[in-house]
Amino acid sequence: MLLTVLSWLCSSLLVSVSGGKLPEAEVEIEVMYRPFICHRKSKYGDILLVHHEGYFENGTKFHDSRAEGDKQPVWFTLGIREVIKGWDKGLQDMCSGEKRKLVIPPALAYGKEGKGKIPPESTLTFIIEVLEIRNGPRSHESFQEMDLNDDWKLSKHEVKAYLRKEFERHGYPPNDTLHENMVEDIFAKEDENKDGFISSREFTYKHDEL
């Protein structure tokens, strides 16, 4: 999976922790295991690699990432609504190797509509293990990696070079046509003043929470 690239393209919004929101439903969090040594804790904008199991209120399991599909853990960016809101809220401040049990009310899961095998108004329980934490696509570290000439702005050439490197890093063959299309899409969304560059402010700006 193209970690930072896919996360960047999925959403240009990184939520802010602050903001005047009304109180809402809460996630019930139980720490099942936490490693003795914790080098960093997860925060909004980080990319997490997780295995997870999902259960209905009656205890019936509806998903297990270790047993279904390709049986691989899942990458996602915390805090930009790539996952249900209960995960965004319940997986903050976790260590790599930590396992939590989250009980998530419908308002923070799939709500009144449900989704797929999830009926409407379902309270869901997830057991989630964080295997790895990486800097997210909006981090200063990611910007500095892309900014090849250290001028604090990204050219189309620099973004294309980054895309090529990410593809190669994850075993995908380079595809210049695809990379050029991705670059055009990125600049259409991110180059707010249309000067042909993505500035550090445009890259790292935190939008208001949805």
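The values are calculated or read from the model by the stated rules, or taken from the named source; none is laboratory data. All of these numbers come straight from a predicted model, not from anything done at the bench. Here Cβ is always computed from backbone atoms with ideal geometry, including for glycine, and neighbour counts include all displayed protein chains. Protein only, heavy atoms only, side chains kept; ligands, DNA and RNA dropped before computing areas. Shrake-Rupley method; radii C 1.70, N 1.55, O 1.52, S 1.80 Å.
In a helix (DSSP H, G or I) and within 30 Å of residue 51 (Cβ to Cβ), is that true of residue 168?
Numbers: in a helix (DSSP H, G or I): yes; within 30 Å of residue 51 (Cβ to Cβ): yes.
Judged against the criteria, residue 168 is a match.
Picking from 59, 86, 79, which residue would you name as being closer than 11 Å to residue 125 by Cα, surrounded by 19 or more Cβ atoms within 10 Å (Cβ to Cβ) and not hydroxyl-bearing (Ser, Thr, Tyr)?
Sole residue among the options that is closer than 11 Å to residue 125 by Cα, surrounded by 19 or more Cβ atoms within 10 Å (Cβ to Cβ) and not hydroxyl-bearing (Ser, Thr, Tyr): 86.
Please enumerate the residues belonging to the stretch 111-136 that are in a loop (DSSP other than H, G, I, E, B), at pLDDT 95 or above and under 23 Å from the mean Cα position of the chain (by Cα).
Across the stretch 111-136, the qualifying residue is only 123.
Filter the stretch 193-209 for residues that are at pLDDT 85 or above and part of a loop (DSSP other than H, G, I, E, B); which is least open to solvent (accessible area, probe 1.4 Å)?
Checked the stretch 193-209; the qualifying residue least open to solvent (accessible area, probe 1.4 Å) is 196.
Within the stretch 150-189, take every residue that is polar (S, T, N, Q) and exposed (fewer than 12 other Cβ atoms within 10 Å of the Cβ) and give me the one that is farthest from residue 201 (Cα to Cα).
177
Anything in the stretch 38-79 that is part of a loop (DSSP other than H, G, I, E, B) and in contact with a Pro (Cβ under 9 Å, 6 or more places away or on another chain)? List them, or say none.
Once the filter is applied, which keeps residues that are part of a loop (DSSP other than H, G, I, E, B) and in contact with a Pro (Cβ under 9 Å, 6 or more places away or on another chain), the stretch 38-79 yields 45, 56, 65, 66.
I want to confirm something. Restricting to the stretch 15-34 and keeping residues that are modelled with pLDDT of 95 or more and not charged (D, E, K, R), which single residue is least open to solvent (accessible area, probe 1.4 Å)?
Here the answer is 27.
With respect to residue 171, is the statement that it is modelled with pLDDT of 80 or more, on the phi > 0 side of the Ramachandran plot and not hydrophobic (A, V, I, L, M, F, W, C) true? Spell out how you get there, then give the answer.
Details: modelled with pLDDT of 80 or more: no; on the phi > 0 side of the Ramachandran plot: yes; not hydrophobic (A, V, I, L, M, F, W, C): yes.
Spelling it out, it is not the case that residue 171 is modelled with pLDDT of 80 or more, on the phi > 0 side of the Ramachandran plot and not hydrophobic (A, V, I, L, M, F, W, C).
Against the definition (under 15 Å from the mean Cα position of the chain (by Cα) and not hydroxyl-bearing (Ser, Thr, Tyr)), how does residue 69 come out, yes or no?
no
Consider only pairs whose beta carbons are under 8 Å apart and that are at least six residues apart or on different chains; among these, list those whose first residue lies in the stretch 157-172 and is in the same structural domain as residue 147 (by the TED database) and whose second residue is charged (D, E, K, R).
Listed pairs, sorted by first residue: 158/147; 160/180; 162/145.
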